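As structure tokens, the structure follows; a few thoughts come after it.
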Amino acid sequence: MALMHKFTIQNGTVTYMSKFLESDSYKINQSQNRIVVSEFGTLAMPDPCKSVFQRFISTFELPSVTDNGNVNFMQYKNDFYVSTETNLMHKIDPEILETKGQVDWSKYIAVNGATAHPHYDPDGTVYNMGNSYGKHGTMYNIIRIPPQRSAKEDAIQGAEVVCAIPADERLKPSYYHSFGMTENYIVFIEQPIKMNLLKIITGKISGSAISDCITWEPTYDTVFHVINKQTGELLPVSFRTRPFAAFHQINAYEDQGCIIMDLCCQDEGGAIHIYQLQNLRKSGQALDEVYNKVARPFPRRFVLPLNINSNTPVYKDLNHLNYTTATAVKRADGTVWCTYESLHNKCLEELGGLEFPQINYSMYNTKKYRYFYGCGFQHLVGSSLLKVNVETKDLMIWQEDGFYPSEPVFVPRPGAHEEDDGVILSVVITTRQDKRIFLLVIDAKTFTEIGRAEISVHVPYGFHGVFIPNKP
């Protein structure tokens, strides 16, 4: 169940608090003392107190949708929310971690879910993505939420679908966790991680959790779909590349008629099935064998030329940018085949790859940038913090044996003008009995430790966080 954490840094003092999200899933599970609402990797079994007939009938009921918002903290207008990837999220009070109420996307807009990774424009407009399933087939929907007009306005009031992209297979759409955004475009990556909708619907009968209904199918290409944010127009060009799996994009921007798209990629999509309790409880050689089955995530750059038409020459590299070796070649069928540039050196390969990428979002999202930060993965969870220079591919590292840092959160220094002028925040957990968990503060420029605030309670490894400046 979603457990929210808060570190408060004020007047040289750090305080910590945590609280469970008071979701419907949490409440009913707590009242029954067992998992009643199915989660991504956990199938809720029929109530043993029911009669045999009642349990049999319950297997034919549609699975309940979880509102267990355990993936990310997000901001819509002036309010903060926690979300997973269903159509249900919760408004929270970030001061005291109080659950304020549930919000159902489907009551505002025709989607059956939304990502936990929205993007923000400087004027307050928010973009997100969500699927819809209906008589017209499965659609990948680009969602736009306008800036707040009044204090009484609901967070996602005025939300609209600006573009609906049909899935290649109605009953087997691609799974996606995030998407890219430039100043003028949305980039959706349709990857060969497939969700079997029929199997999900009949999961109770077959005894399958949602994760069991998602498969890696590398016979499909990975496809980049480019959508104009203002008009909702889907560019007619199909940008394709060899199959890869991606969960998090790093940054995307426009330059000289091209979209530059940076993201963390894996050459195989089986990671979804690795993070199960029976694997995480292993140790020694058994744990190493599990880790060695996971494809390593590495940062890669793709270039998508925008001005493609019938006069564009075929079998010629259309990338004219002099700072990247990524290629884009128009083929005879009109599609554009893309190859990537690796954004790392050999040192990162020794560190097991990189995930949970973060940038100086407030200043450099949708803009040409130099630095990003992430977790190195020499284990199934983050084992180091990394700073990557995308121009030189140089790497800076923070690492201590037996400690496992969370996603790095970049906080710019007030009034900063340089891209890396700020600090990195990360919650570092440990399995060592003689050590404590702590909040780590790193100078983002030098990547040296400034300080740490230890706490005396256990904190589980988590996903994503957010920094909220103190109110004036």
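The values are calculated or read from the model by the stated rules, or taken from the named source; none is laboratory data. What you are looking at is a predicted structure, and each value in this text was computed from that prediction instead of being measured. Here the Cβ positions follow ideal geometry from the backbone for every residue, glycine too, while neighbour counts run over all protein chains shown. Accessible surface areas use protein heavy atoms only, side chains included; no ligands, DNA or RNA. Shrake-Rupley method; radii C 1.70, N 1.55, O 1.52, S 1.80 Å.
Taking the highest mean first, how do the peptides 5-17, 228-240 order by number of other beta carbon atoms within 10 angstrom per residue? Don't skip to the answer; put the middle values down first.
Working: 5-17: 12.3, 228-240: 15.8.
Put in order of decreasing packing, that is 228-240, 5-17.
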Can you give me the % of accessible surface on the chain that is carbon or sulfur? Probe 1.4 Å, all protein chains present, nothing else counted. 52 percent
Whole-number accessible area per residue in Å² for region 433-472, which is evaluated in the context of all protein chains at 1.4 Å: 68 Å²
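Regarding the chain, what whole-number volume in Å³ per residue does the convex hull of its Cα atoms give? Write down the numbers at each step before the final one.
Details: hull volume 79.0 nm³, N = 472.
Taking only Cα atoms, the chain has a hull volume of 167 Å³ per residue.
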At 1.4 Å probe size, with every protein chain present, just tell me what the per residue accessible area of region 196-335 comes to in Å². 47 Å²
Report, by chain and number, residues whose modeled amide H sits under 5 Å from the one on residue 384, excluding near sequence neighbours (fewer than 5 apart, same chain). 376, 378
So for region 93-133, averaging the separation of alpha carbon pairs under 8 Å that are six or more residues apart and normalising by length, what relative contact order in percent results? 32 percent
If I take all pairs of Cα atoms in region 148-248, what percentage of them are more than 16 Å from each other? 66 percent
One finds, for residue 289 and residue 349 with R0 = 25 angstrom and r their Cβ-Cβ distance, a FRET efficiency to the nearest 0.05 of 0.80
Give me a comma-separated list of calculated 3J(HN,Hα) values for region 294-309, in order, Karplus coefficients 6.51, -1.76, 1.60 applied at θ = phi - 60°, integers in Hz, x for any Gly or Pro. 8, 5, 6, x, 10, x, 9, 10, 10, 10, 10, x, 8, 8, 9, 8
Hey, what did the chain get for relative contact order, percent, Cα under 8 Å, at least 6 apart? 8 percent
What list of ³J(HN,Hα) values in whole Hz, one per residue of region 348-361 in order, does the Karplus curve 6.51 cos²θ - 1.76 cosθ + 1.60 (θ = phi - 60°) give from phi, with Gly and Pro shown as x? 5, 4, 5, 8, x, x, 9, 9, 6, x, 9, 10, 6, 5
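Under unit Cβ charges (Lys, Arg +1; Asp, Glu -1), what dipole magnitude, rounded to 20 debye, does the chain have relative to its Cα centre? Don't jump to the answer; show the numbers that get you there.
On the way: 44 positive and 51 negative charges, 148 e Å.
Using Cβ point charges on Lys, Arg, Asp and Glu, the chain gives about 720 debye.
Note down the net charge around residue 194, summing +1 for each Lys or Arg and -1 for each Asp or Glu among other residues with Cβ under 11 Å from its Cβ. Provide the component values of the computation, followed by the final result.
Numbers: positive: 172, 199; negative: 168, 169, 190, 217.
Residues near residue 194 contribute -2 overall.
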Calculate one ³J(HN,Hα) per residue across region 390-403 by plugging θ = phi - 60° into the Karplus curve 6.51 cos²θ - 1.76 cosθ + 1.60, and present them in order as whole Hz with x for glycine and proline. 6, 7, 9, 6, 5, 10, 10, 10, 10, 7, 9, 4, x, 10
